[in-house]
1. Looking at segment 226-258 only, could you name the residues that are modelled with pLDDT under 95, aliphatic (A, V, I, L, M) and under 18 Å from the mean Cα position of the chain (by Cα)?
2. Working carefully through the options ALA160, ALA185, ALA192, find the one that is in a helix (DSSP H, G or I), without any contact (Cβ under 8 Å) to a residue 12 or more places away in the chain and not charged (D, E, K, R).
3. All but one of (1) surrounded by 20 or more Cβ atoms within 10 Å (Cβ to Cβ); (2) modelled with pLDDT under 95 hold for ASP145; which doesn't?
4. For GLY72, state whether it is in contact with a helix residue (DSSP H, G or I) (Cβ under 8 Å, 6 or more places away or on another chain), of a type outside the set (Ser, Thr, Tyr) and either surrounded by fewer than 23 Cβ atoms within 10 Å (Cβ to Cβ) or not assigned by TED's automatic domain parsing to the domain that holds ARG14 (or both).
5. How many residues, within segment 25-70, are among the aliphatic types (A, V, I, L, M), modelled with pLDDT of 90 or more and part of a loop (DSSP other than H, G, I, E, B)?
6. Quick one: which residue in THR209, THR241, THR253 is buried (at least 20 other Cβ atoms within 10 Å of the Cβ) and outside any helix (DSSP H, G or I)?
7. For ILE33, which of the numbered conditions (1) farther than 18 Å from ILE156 by Cβ; (2) in contact with a helix residue (DSSP H, G or I) (Cβ under 9 Å, 6 or more places away or on another chain); (3) of a type outside the set (S, T, N, Q) fails to hold?
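The values are calculated or read from the model by the stated rules, or taken from the named source; none is laboratory data. What you see is a predicted model; the values in this text were computed from it and never measured. Here the Cβ positions follow ideal geometry from the backbone for every residue, glycine too, while neighbour counts run over all protein chains shown.
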Amino acid sequence: MAILVTGATANIGRMVVDQLLARGATDVRALTIDPGKAGLPGEVEVVEGHLGRVGAAAFEGVDRMYLAPSPGNVAQVLEVARAAGVRHVVDLSGEPESWWGSVCEAVEGSGIGWTHLWPADFMENTLSWSRQIRESGVVREPHADTATAPIAMNDIAAVAATALLTDGHIGRAHSLAGPEILTRAQLVAHLADALDRDITFRTATREETITALEPTMGDNTTWYVDNVLIDFAPPPQSLPTTSVEDITGHPATTFNHWARLNADRFLAD
């Protein structure tokens with residue numbers, strides 16, 4: 001029986017494909033808008049489509065699936081999946097009270113076995129600082145001391161693959177975080193070390209932060225600043241910093257290591 005990966009050429013979906021193959025999965029199906037440009041491994045069955053337009057054929061013979069975030073039409077997708085015989089959905093979402101709560105509700109109400117993945121902020125989100133770093137060596141945000149445990153997308157994908165391939169995950173919600181609690185200023189310091197250049201954190205107003213981030217984040221900037229940088233500050237003691245290793249058996253990626261692997265992405269135009 002096949003495992004269907006939706007959003008298979010998006011950031012995390014593509015990594016889920018690789019993590020499944022690395023763990024020995026032999027019947028992986030990838031849903032993507034343009035199969036000809038997908039660049040997926042040859043052993044993967046590639047089917048055309050996306051979560052806004054999923055035909056029943058994509059689910060034929062599928063037993064388990066990774067569900068990329070799709071709050072707009074998740075109920076319709078799950079209806080098609082259930083009718084086709086899908087038995088287990090691993091979804092990337094968030095706590096019921098968050099902006100992804102509708103995904104959790106729809107998945108749990110679908111009648112399909114489910115596993116929720118609720119990640120902390122992504123390490124990749126710091127790439128929104130790249131232009132500031134290149135042009136001024138200064139990162140501007142409202143709160144230097146806000147602390148989180150950012151997680152690498154590939155670690156989320158590893159958890160997703162583990163949940164799809166091993167028993168004991170149905171009916172569970174996995175809160176995921178990276179291995180270290182770091183303030184925003186400490187993240188900047190790690191980037192300075194990884195990039196081998198002077199980078200400083202400067203406390204900024206809401207408006208200054210939006211102006212600084214807009215060139216890299218575009219239309220999502222105001223939402224991100226208001227909902228993540230200003231209003232979202234989980235207490236550090238609540239962050240599940242051992243979650244990735246507990247589930248996969250392998251240590252999670254540290255931010256310093258991730259920054260060194262991705263240094264060129266911060267410096268490229």
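1. To start, the set of residues in segment 226-258 that are modelled with pLDDT under 95 comprises 226-241.
Pick out the ones that are also aliphatic (A, V, I, L, M) and you get 228-230, 233, 239.
Once the filter is applied, which keeps residues that are modelled with pLDDT under 95, aliphatic (A, V, I, L, M) and under 18 Å from the mean Cα position of the chain (by Cα), segment 226-258 yields VAL228, LEU229, LEU239.
2. ALA192 is the lone residue from the list that is in a helix (DSSP H, G or I), without any contact (Cβ under 8 Å) to a residue 12 or more places away in the chain and not charged (D, E, K, R).
3. (1)
4. For GLY72, the condition - in contact with a helix residue (DSSP H, G or I) (Cβ under 8 Å, 6 or more places away or on another chain), of a type outside the set (Ser, Thr, Tyr) and either surrounded by fewer than 23 Cβ atoms within 10 Å (Cβ to Cβ) or not assigned by TED's automatic domain parsing to the domain that holds ARG14 (or both) - is not met.
5. 4
6. Testing whether each residue is buried (at least 20 other Cβ atoms within 10 Å of the Cβ) and outside any helix (DSSP H, G or I) leaves just THR253.
7. (2)
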